[in-house]
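Report on the structure given below.
The values are calculated or read from the model by the stated rules, or taken from the named source; none is laboratory data. Just so we're clear, the structure is a prediction, and the values are computed from it rather than from any experiment. Neighbour counts are summed over all protein chains in view; Cβ atoms, including those assigned to glycine, are modelled from backbone coordinates with ideal geometry.
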């Protein structure tokens with residue numbers, strides 16, 4: 001511009017060593033300490049007061065006022081007396097018309113930029129000044145509510161001094177001195193902005209500081225380009241004073257305790273975000289003691305009760321929040337979630353419907369309602385809601401996953417597959433998408449396609465054991481036993497303590513008919529995890545098939561010993577030890593003890609467990625007891641008992657009445673497992 005003060009071109013930036021050796025550095029450090037040190041310390045004090053539940057009042061505002069006045073005076077004195085430079089070195093000169101024109105243009109520009117920032121930066125709406133910002137749609141510094149506690153002229157003076165001190169410190173002093181020191185405009189501007197942000201953040205609030213960064217960049221850009229400080233002061237001051245004037249018009253409303261910012265509510269909200277629900281609950285309790293009419297406090301306390309599993313207090317608090325503010329959809333959403341987790345689906349559905357009525361454009365609400373419909377078995381309506389969710393968030397892979405699951409449950413595999421493919425397109429590096437697609441293909445017996453997706457899933461996440469076992473399962477479906485064994489052995493080599501890997505290989509060997517290798521693999525599985533009771537049953541089954549009766553018998557006894565209070569484990573072991581066709585496999589005395597324990601654990605009400613006890617007595621030659629307990633088993637058999645099971649009991653009763661024990665050929669491991677009681 002014609003009126004701009006010309007600047008000579010800057011030489012190349014100095015090296016770090018040159019800067020360290022420069023005597024100017026100490027002087028500039030002192031000047032920066034004067035410009036920013038006091039306000040930083042005062043801001044930290046204010047932040048600590050709020051952290052410990054104290055609301056800074058008029059006294060604190062006056063401290064800020066006088067500290068900024070002292071900063072401006074001290075900085076001017078430092079420049080004149082210490083640096084022996086005129087105030088013109090701070091770009092303080094005679095005002096010109098163009099300064100005011102530029103200043104007005106900056107006010108408009110800053111308002112536009114900051115209104116946009118208020119919408120684009122969501123942290124603003126969880127801040128301590130959120131209720132003010134929502135009215136004015138302009139980010140406000142935390143110091144503004146404090147300034148309002150002063151008379152209007154003192155509040156205006158406070159804002160003026162803060163702006164003046166910041167402009168003199170950040171641009172007039174910090175930038176000009178750092179530019180001369182570093183001989184780099186970019187480096188000087190960046191350092192000046194960084195120092196300014198760090199110094200004023202405790203006083204102005206982190207949310208405001210973040211939102212005001214775009215405006216700071218504009219002010220710094222203007223100053224660097226035009227070398228005029230007065231327009232920056234006018235623009236910055238106008239931007240800060242306009243909201244203050246507007247707030248002044250709202251003073252009667254702001255005085256209402258319903259809109260006051262409660263420090264306990266603030267801390268409770270932060271603790272809730274940090275998942276410290278006990279601490280959050282205590283803070284919301286105190287917030288409600290301070291203000292029993294706060295719908296927000298009831299709403300947040302209700303949400304915290306829900307997170308803690310305290311559903312009745314949660315519903316009570318959320319209902320109170322709804323009574324006080326029935327137009328807030330999030331209260332209905334949180335109460336719906338509480339009802340759903342508690343299992344009250346009709347009330348959960350009613351509340352999410354209310355939230356949708358209040359805000360029909362929010363996609364998340366359709367996600368929530370779709371899930372409720374899914375739990376209720378209404379898959380058609382769930383699909384309809386997930387479709388609305390997808391329309392609202394077409395790039396959200398979770399929406400396609402949810403709808404794919406619903407299509408799969410209805411048997412519409414083509415559409416389920418299509419949504420799984422959409423998920424993969426949105427997250428091509430996520431192995432879960434290939435897992436989802438592979439499961440659908442398995443249900444359609446498309447084994448080659450499922451295997452390709454399984455391999456892709458394993459390629460993306462080679463250390464994921466679930467992915468590896470999924471691929472091994474596909475090999476099993478396809479009858480590719482060698483591939484299953486090879487993959488399971490690789491898992492075992494990579495994870496020597498992973499017992500399931502050896503058990504997986506044993507399954508492959510079993511299907512191949514290599515019982516010796518299957519038993520050997522199970523030995524390694526048990527060596528890796530000797531306390532896993534189920535492994536002993538699996539090895540016993542294989543040992544029976546391999547004709548190793550004594551080791552199988554020992555494994556069955558170990559199963560019962562590891563699970564002494566598990567009726568199913570005792571029942572399974574007792575059945576095999578009673579009814580095996582291999583004489584060396586039977587141990588009637590141990591079977592009776594295990595069967596009686598299983599009966600005791602099931603309160604003598606499970607017919608098939610009592611049937612095992614009868615078989616154990618018959619194997620021991622005590623047919624009178626066998627007949628007594630078999631008749632009792634038939635008596636306890638209810639309508640839910642399968643007919644083949646009842647027929648088996650009657651056939652065994654006939655054997656026992658003829659003094660004949662019941663034995664069966666356990667030729668397949670699947671036949672050795674008795675149904676759970």
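Taking the criterion of being in a helix (DSSP H, G or I) and in contact (Cβ under 8 Å) with a residue 24 or more places away in the chain, the residues of the stretch 579-598 that qualify are 579, 584, 585, 588, 589, 590, 591, 592, 594, 595, 597, 598.
Kindly establish whether residue 552 is surrounded by 19 or more Cβ atoms within 10 Å (Cβ to Cβ) and under 52 Å from the mean Cα position of the chain (by Cα). Here the answer is yes, as residue 552 does meet what is asked.
Note on the stretch 1-91: enclosed helices (runs of 4 or more DSSP H) holding 3 or more residues that are at pLDDT 75 or above are 24-51, 58-77. Of all residues in the stretch 458-485, exactly one satisfies the criterion of being without any contact (Cβ under 8 Å) to a residue 24 or more places away in the chain, farther than 23 Å from residue 445 by Cβ and assigned to a helix (DSSP H, G or I), namely 459.
Of all residues in the stretch 180-216, those being in a loop (DSSP other than H, G, I, E, B) and at pLDDT below 85 number 2. Among the candidates 367, 296, the residue that is modelled with pLDDT under 95 and part of a helix (DSSP H, G or I) is uniquely 296.
Could you say which residue among 177, 171 is farther than 24 Å from residue 111 by Cβ, touching a helix residue (DSSP H, G or I) at 6+ places or on another chain (Cβ under 9 Å) and in a helix (DSSP H, G or I)?
Working: 171 fails: farther than 24 Å from residue 111 by Cβ.
When all the criteria are applied, what remains is 177.
As a summary of the residue check, residue 608 satisfies the conditions (1) surrounded by fewer than 17 Cβ atoms within 10 Å (Cβ to Cβ); (2) assigned to a helix (DSSP H, G or I) except for the one numbered (1). Does residue 447 qualify as being more than 23 Å from residue 462 (Cβ to Cβ) and either without any contact (Cβ under 8 Å) to a residue 40 or more places away in the chain or surrounded by fewer than 17 Cβ atoms within 10 Å (Cβ to Cβ) (or both)? So residue 447 does not fit the description; no. Can you pull out the residues in the stretch 486-514 that are surrounded by fewer than 16 Cβ atoms within 10 Å (Cβ to Cβ) and either part of a helix (DSSP H, G or I) or at positive phi (or both)? Result: 486, 490, 493, 494, 511, 512, 513. As a summary of the residue check, residue 246 satisfies the conditions (1) part of a helix (DSSP H, G or I); (2) at pLDDT 85 or above; (3) more than 24 Å from residue 170 (Cβ to Cβ) except for the one numbered (2).
Scanning the stretch 393-418 for residues that are in a helix (DSSP H, G or I), closer than 17 Å to residue 381 by Cα and in contact with a helix residue (DSSP H, G or I) (Cβ under 7 Å, 6 or more places away or on another chain) returns 399, 400, 401, 402, 403, 404, 406, 407, 408, 409, 415, 416.
Rundown of residues vs (1) surrounded by fewer than 19 Cβ atoms within 10 Å (Cβ to Cβ); (2) closer than 19 Å to residue 573 by Cβ; (3) touching a helix residue (DSSP H, G or I) at 6+ places or on another chain (Cβ under 9 Å), yes/no style:
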{"position": "590", "(1), (2), (3)": "yes, yes, yes"}
{"position": "598", "(1), (2), (3)": "no, yes, yes"}
{"position": "612", "(1), (2), (3)": "no, yes, yes"}
{"position": "615", "(1), (2), (3)": "no, yes, yes"}
{"position": "629", "(1), (2), (3)": "no, yes, yes"}
{"position": "633", "(1), (2), (3)": "no, yes, yes"}
{"position": "644", "(1), (2), (3)": "yes, no, no"}
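Is it the case that some residue within the stretch 541-553 is touching a residue at least 60 places away in the same chain (Cβ under 8 Å), in a helix (DSSP H, G or I) and over 30 Å from residue 620 (Cβ atoms)? For the stretch 541-553, residues touching a residue at least 60 places away in the same chain (Cβ under 8 Å), in a helix (DSSP H, G or I) and over 30 Å from residue 620 (Cβ atoms): absent. Selection of the stretch 555-585 for residues being crowded, with 17+ Cβ neighbours inside 10 Å, closer than 13 Å to residue 665 by Cα and touching a helix residue (DSSP H, G or I) at 6+ places or on another chain (Cβ under 6 Å) yields 575, 576, 577, 578, 579, 585.
Scanning the stretch 351-364 for residues that are within 17 Å of residue 322 (Cα to Cα) and either touching a helix residue (DSSP H, G or I) at 6+ places or on another chain (Cβ under 8 Å) or buried (at least 17 other Cβ atoms within 10 Å of the Cβ) (or both) yields a count of 8.
Checked against the criterion of being under 25 Å from residue 542 (Cα atoms) and assigned to a helix (DSSP H, G or I), the stretch 618-626 has at least one qualifying residue. Looking only at residues of the stretch 423-444 that are touching a helix residue (DSSP H, G or I) at 6+ places or on another chain (Cβ under 7 Å) and surrounded by fewer than 19 Cβ atoms within 10 Å (Cβ to Cβ), we find that the one that is farthest from residue 480 (Cα to Cα) is 426.
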